[in-house]
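Here the structure is laid out as structure tokens; the discussion comes afterwards.
The values are calculated or read from the model by the stated rules, or taken from the named source; none is laboratory data. As the structure is a computational prediction, the values presented were derived from the model and not from experiment. Using ideal geometry, Cβ is built from the backbone for each residue, glycine included, and neighbour counts are taken over all protein chains shown.
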């Protein structure tokens, strides 16, 4: 019994180390990415938008998210809200243009979802896309990973 407990605590400490000392950010394959570190998950004409793992990692602990109104228009490359962290406040820009059809109101009470789950629970808005051609100007996961590496090398 004692040896099993010791093994479990060793495994837990090993997992903790490997989880938190990440050298690079997670990039999800089927998403599109902007050069301002937002991701877009396309589902027909509906696009779910959030900030990338790379962005939340650089921001640090998110303490507040400014959400837009449902029904407002988002414009590609233009600010629709902001994310405030312990380090800085950062504008969030839309990777596509269209009508905002949903906002993640969970972020009002739990802004840390952006840190803990940037691609799932930490999404920010959903947009009904007005111009699917805009997706062509976004990066795929490989291009975005390379973009982040180059950006980090400059800093």
Legend entry - Yes/no for residue 59 being touching a strand residue (DSSP E or B) at 6+ places or on another chain (Cβ under 7 Å), at pLDDT below 95 and within 24 Å of residue 139 (Cα to Cα): yes
Inset, instruction - Just need a number here: residues in the stretch 96-154 that are touching a helix residue (DSSP H, G or I) at 6+ places or on another chain (Cβ under 9 Å), under 15 Å from residue 54 (Cα atoms), without any contact (Cβ under 8 Å) to a residue 60 or more places away in the chain and not in a helix (DSSP H, G or I). - result: 1
Legend entry - Criterion violated by residue 54 - all others in (1) loosely packed, with under 10 Cβ neighbours inside 10 Å; (2) modelled with pLDDT under 95 satisfied: (1)
